[in-house]
């Protein structure tokens, strides 16, 4: 086929122009409009809470005047409309949350780091099964984890009462056990990634210089994986502090953590005081994120 | 040297794994097995299970409760799709910022909401969308609406709430894989005559697929079993399978029925996880890894 040279060039030209137009529109859609929309989507609800926590009235669409009334209420021990929700109770539930997150983070960090070492450095039958087992808490929906533990603890309690006549109460213990069960995986996966990245020469050098395994671990391996261990611990702590579903099913009656308390508040007594509480919690989480970023910055500077 | 030691101790490192093995077997696997067993039992007076074994709970789950199951899967799939459509460009945008400070700031702006309490975040979205909420309030004040739009207490509310709650789970894995992507491949594709569109579908997307798959799994799994978001955003009309399961384990529930529902839901999720694993295997082989 012989195409007239001029027409061919014009055709090519218009094709190029079409391509450039598609490119411009695509760029604008993909790299400008969608990210702006996504950021607005992520932040608008939070900004609305923040702004209207200072509103004089109950409205969340019209600012009638600035006031610290809702914050004053919190400090005057009044949160909800009924007598059921007081600041003292909220602080108590927050203490419970911190206690549970603290213990479960400690236990899961210790045994999670141990299992990461076993998986990277160890050699034993069933290692691959253990590896698969670690992904369970990530692929089993939380609701299933929650109800299965509820069933487990209630059958255990029934069986124990029949055997010994004693009653097992659900509460701190059962919640901590459950939180450790899902936290181990997060710690182990983070620490393992760090271990895999680590240069094994340092450990070999220590052994060549006569250090035993114990000494090698504490003097060489542990300092090198410490940022990973801390990152894993922080992750476990946050997830435990934020967990609602598993806690909901493993706590006993009348035992509240902060998310359980907040859930009750949202369902039974949604007042603008919640906006003020949320703002305070947001400030607290920002501080935690700051700490975590500082840790990550330190991690980036450690030697490989 | 390490090989030598390994030969000497065939069980090396097992003691390090024992506590985790114990914990996961007793407090994770055993309870799941109990759920599987109880799902075949008859409901007892105290809502627990008793003999004889029966299949009636599976019949009910796949029979009269199947619309709720389908609704959960549909909303979870839609949530994943919307998160992907928003999360991919966002992750791409963040990882292509040249200045490290801007990049960190952009990432920080995604992570911070993620660190805020999940319930509070969901409630914040509700504040925005509710009948007496910000959007409806402003539109009514401006006279653009005569009646508030129903944006919550239905499936739409649940969908928006879940996209809002899980979006960071999508952005972070994709960000990790786009950040590792070598943009010289795009130049190479252009040199070989591909336009942007083609270069994206044939080069960028396949090479960032691991992030897309990981993000999709991290969004889809919690969406299928969601409990909190449907309660806060969906009202009675937005209930999902997670709420139905939870109800069976409450006061006058039916634990065997709830167990059967859990088993069905878990099978679906594990089936999809298996598919994900197979795809990953397949793409790894295709890449010659």
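Listed values, structure above:
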{"item": "When residues of the stretch A:14-55 are limited to those that are out of contact with any strand residue (DSSP E or B) (no Cβ under 7 Å at 6 or more places or on another chain) and touching a residue at least 12 places away in the same chain (Cβ under 8 Å), the one farthest from residue B:167 (Cα to Cα)", "result": "A:55"}
{"item": "Selected residue [at the interface with chain A (Cβ under 9 Å from one of its Cβ atoms) and assigned to a helix (DSSP H, G or I)] from B:69, B:90", "result": "B:90"}
{"item": "Residue within the stretch A:266-283 that is under 17 Å from the mean Cα position of the chain (by Cα), without any contact (Cβ under 8 Å) to a residue 60 or more places away in the chain and under 24 Å from residue A:47 (Cβ atoms) present", "result": "yes"}
{"item": "Test result for residue A:124, surrounded by fewer than 20 Cβ atoms within 10 Å (Cβ to Cβ), within 22 Å of the chain's Cα centre (by Cα) and assigned by TED's automatic domain parsing to the domain that holds residue A:234", "result": "no"}
{"item": "Selected residue (only one of A:147, A:187 is surrounded by 24 or more Cβ atoms within 10 Å (Cβ to Cβ) and either out of contact with any helix residue (DSSP H, G or I) (no Cβ under 9 Å at 6 or more places or on another chain) or closer than 22 Å to residue B:41 by Cα (or both))", "result": "A:147"}
{"item": "Of all residues making up the stretch A:256-273, the number that are modelled with pLDDT of 85 or more and away from chain B (no Cβ under 12 Å)", "result": "1"}
{"item": "Counted residues, the stretch A:97-140 - those being more than 18 Å from residue A:227 (Cα to Cα), free of Cβ contacts under 8 Å to residues at least 40 places away in the same chain, in a helix (DSSP H, G or I) and more than 7 Å from chain B (Cβ to nearest Cβ)", "result": "5"}
{"item": "Subset of the stretch B:35-49 (residues that are at pLDDT 90 or above and surrounded by fewer than 21 Cβ atoms within 10 Å (Cβ to Cβ))", "result": "B:36, B:37, B:40"}
{"item": "Residue under evaluation residue A:168, criteria (1) closer than 22 Å to residue B:23 by Cβ; (2) surrounded by fewer than 17 Cβ atoms within 10 Å (Cβ to Cβ); (3) modelled with pLDDT under 85, criterion not met", "result": "(2)"}
{"item": "For residue B:207: the one exception among (1) more than 21 Å from residue B:60 (Cβ to Cβ); (2) touching a helix residue (DSSP H, G or I) at 6+ places or on another chain (Cβ under 6 Å)", "result": "(2)"}
{"item": "Odd one out for residue A:32, checked against (1) modelled with pLDDT of 80 or more; (2) farther than 30 Å from residue B:175 by Cβ; (3) more than 27 Å from the chain's Cα centre (by Cα)", "result": "(2)"}
{"item": "Residues (in contact with a helix residue (DSSP H, G or I) (Cβ under 9 Å, 6 or more places away or on another chain) and surrounded by fewer than 21 Cβ atoms within 10 Å (Cβ to Cβ)) located in the stretch B:232-242", "result": "B:235, B:237, B:239"}
{"item": "Within the stretch A:150-173, tally of residues that are in a helix (DSSP H, G or I), farther than 20 Å from residue B:36 by Cα and in contact with a helix residue (DSSP H, G or I) (Cβ under 9 Å, 6 or more places away or on another chain)", "result": "1"}
{"item": "Sole exception among (1) in contact (Cβ under 8 Å) with a residue 12 or more places away in the chain; (2) outside any loop (DSSP other than H, G, I, E, B); (3) within 11 Å of chain A (Cβ to nearest Cβ) for residue B:279, by number", "result": "(3)"}
{"item": "Subset of the stretch B:168-196 [buried (at least 19 other Cβ atoms within 10 Å of the Cβ) and in contact (Cβ under 8 Å) with a residue 60 or more places away in the chain]", "result": "B:169, B:170, B:171, B:172, B:174, B:175, B:178"}
{"item": "Residue A:147 vs. criteria within 26 Å of residue B:216 (Cα to Cα) and either at the interface with chain B (Cβ under 10 Å from one of its Cβ atoms) or at pLDDT below 85 (or both)", "result": "yes"}
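Table: residues versus (1) surrounded by 18 or more Cβ atoms within 10 Å (Cβ to Cβ); (2) more than 8 Å from chain B (Cβ to nearest Cβ).
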position: A:18; (1), (2): no, yes
position: A:26; (1), (2): no, no
position: A:33; (1), (2): no, yes
position: A:42; (1), (2): yes, no
position: A:46; (1), (2): yes, no
position: A:51; (1), (2): no, yes
position: A:55; (1), (2): yes, yes
position: A:58; (1), (2): no, yes
position: A:64; (1), (2): no, yes
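The values are calculated or read from the model by the stated rules, or taken from the named source; none is laboratory data. The shown structure was predicted, so the numbers you read here are calculated from the model rather than taken from an experiment. Counting neighbours? That spans all protein chains shown, and the Cβs are built from the backbone with ideal geometry, glycine included.
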